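The structure appears right after this line, and notes come after that.
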Amino acid sequence: MVVRNGHNPDNLNRLANALGKDDPWVKMNLTDAARFPEIATDIEMMLSVAVDERGFDRANLPPYSLQSNGEVQDPIHIGETTWNDRKYNEFKLSLQSFFLPVLVVGGTGSGKSNLVKNCVSQLADYPDKTCFWIFDFLQEYRELATGHQNILVLPLSALRINPLRPPAGVETSEWAQVFTEIYSHSFHVLTGSKSFIHTSLHDLYAMYADEGKEAFPSLADFLQYLRAQKLTRTVWSYAPLNILRIDSICKSLVGKIDVSRGFEDELPGRNVVFEFDSAGESELQNFLCEYLMTRAFYSRRNTTSIAKNLVLIIDEGHRIFDRSKEHTAAGLPLIDTLVTQCRHAKISMLCSVQEISKTTNSLVANSHLKFVLQEGSGRDEDEVSKALQLTKEQKDCLPQLRVGEAIAATDAGLYLVKVKPFTQGSMVSEQNARESTRAAIDRLMQVVEGRSDLMKTRLAQVNGRGPDLELALLLCLAKSPLSTAGELAGALKSSRAKVDRGLDALEFKGLLRKVKPLNLFKGGGIILYEPTEKGKNRCKESGQPYYHPGKCGLEGYFYLTKVIEPFYRSQGYSTRLEGRSGNSTADLIVEKNDQCTAVELELTNANIYANLLRNLAATGVDQTVLVLKNNDLFQKATVMSKDLDDLNRRRIELRVITDFAPGKSFVTTKEIENENEIKKITKG
């Protein structure tokens, strides 16, 4: 880094920086200058002579210390102090420095990963004193294993965990709260959803405890349990979305979390690289990271003797320690509260972030060692200056940091360091990574236990609150698709409240969906219930195939049978649903006075033009009535029909469904033409 600014007014301080404020002789002189201002000039002269002897340019003194930070026990070599492209002294930290939170800040390409790899590769040299977990989202750290045999690279495909199994010594009631906190902050859910998940999980734990066995539900069991519950109106707004979220987790991690016991409790004493690049969405990656970090804390918290310190290394840590999460309705994330408590469980963190302004205050404030590298945008200078307590001269140096240069903020002072390049590792292919870790993973798999059969045996009891009613409702709808809730209650001789709960449960389980036709009748709108493909298959399995309502679907079938057909019958027409007349196949055929009319119903704009052409080509009808759902479709059909010739246009009658509502009447185009013919004959 080259500094172009001139003489620093605070010359004594800069002289001390150049010589090293931690130097005993410098410390003594600074103390004397503060106590005896009358000799400050003489002290400045002495320091100037010492600076000259060491080859510094007094007109361009560094605002950071360049001296060696002394001999340390169990050293971790970071690089060398630097100034004006010149390297001065070796800079190293003690292993103990990494037993408290460490924060690395820098933009993309600034050298963050290089610094982290350097530190981690040296942590592996102290297997009796420390171990580490790396959460890798980009497969950047598997190369560490090429230089160290004691590092296990664990791809997501080999992971086997059960987030619902409490660590040893943790009660299920406490773990239910912990899991709820992890889940809610990873997936950004609010208070209502948290209460729903916590209550449901508490009940599930109670169900397993009643068996008196050493068995715990998996996340797949929890999903199955939630789907089997009867939903009240209170939780209806929370339950579906959360079940979809948990379903998404189970599908994304199929084979990895559907176990009663995983091997996560076998890992805290090992060096592990967790590769979560294939986990897809960042929310799921955050969930896995926060779960493993939190579990490590609770496992070690309840252990009486812990031999080694565990360092949790999070690259791209701003994804987990996101400052915006501190201001949500869900409250302060659990993972942030653990930052201040983890030292009691001999856990520390080494976290790299891109912008300190987007990082949680708890991590920034509790990081005892900070490295600041090139930022790129420079938008974070004020935040960095505040976090490191920089002077103006030190802050002015931030924009001039080069790639691989870092400001190291330690208890001993601020140092400008050229980080040494990491050269130990080499590129590792997917196949080589699998082969090198296969034996270790096979040993871990020996402790894995499959899902308990308890959920299968108890699911009938959970469903026993009304599965017969739900199936009966589904079968009734299969035979009579247009049945309303009131009609279903009458047919099954059940109360309306029970029927409503049963229908809600079927919809919640994805077996049917609600259909709301236009409100054409007095007394309010009608709600219909149409089985989904899953529901139709359930009906077929139960021996009652679903009665298909026709090509218009359930809503169209309702309009045809309950609105349009009754209207024509009231006008003296004979009707045939989906009848044939000559070459024409129509939704409804109506006939009167030897005149045949094809009625086509259109609920979307997709086939308006096709219906017009098809019915005009038919030879067996005298007229076609195209019924549109609303005025917008009516206008589109009107515009399309203008492309037809006069003869064909006169054979098309455009109507909207509301024209057929009870109490409505209209005169068809054909009736108008017949009336005009009669008038002509009478005049003649």
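Observations on the structure shown:
- Burial order of peptide ranges 88-94, 392-398, 215-221 (average beta-carbon count within 10 Å, highest first): 215-221, 88-94, 392-398
- Evaluating 6.51 cos²θ - 1.76 cosθ + 1.60 at θ = phi - 60° for every residue in the stretch 479-486, the Karplus couplings come out as 7, 10, x, 8, 6, 8, 4, x Hz, glycine and proline recorded as x.
- For the stretch 102-242, the fraction of 1.4 Å probe accessible surface lying on carbon and sulfur atoms is 52 percent.
- Prolate/oblate/rounded call for the stretch 137-271, Cα gyration tensor, a/c under 1.5 rounded: prolate
- Per-residue packing, averaged as other Cβ atoms within 10 Å, sorts the ranges 349-355, 550-556, 109-115, 23-29 into the order 349-355, 109-115, 550-556, 23-29, beginning with the highest.
- Cα pair distances exceeding 17 angstrom across the stretch 59-165, given as percent: 66
- 21 Å Cα-Cα threshold exceeded, pairs from Lys509/Lys536; Lys514/Lys534; Lys194/Lys498: Lys194/Lys498
The values are calculated or read from the model by the stated rules, or taken from the named source; none is laboratory data. Model, not experiment: these values are computed from the prediction. Glycine also receives a Cβ, built like all others from the backbone with ideal geometry; neighbour counts cover every protein chain displayed. Heads up: the accessible areas ignore ligands, DNA and RNA and are worked out on the full protein's heavy atoms, side chains in. Shrake-Rupley method; radii C 1.70, N 1.55, O 1.52, S 1.80 Å.
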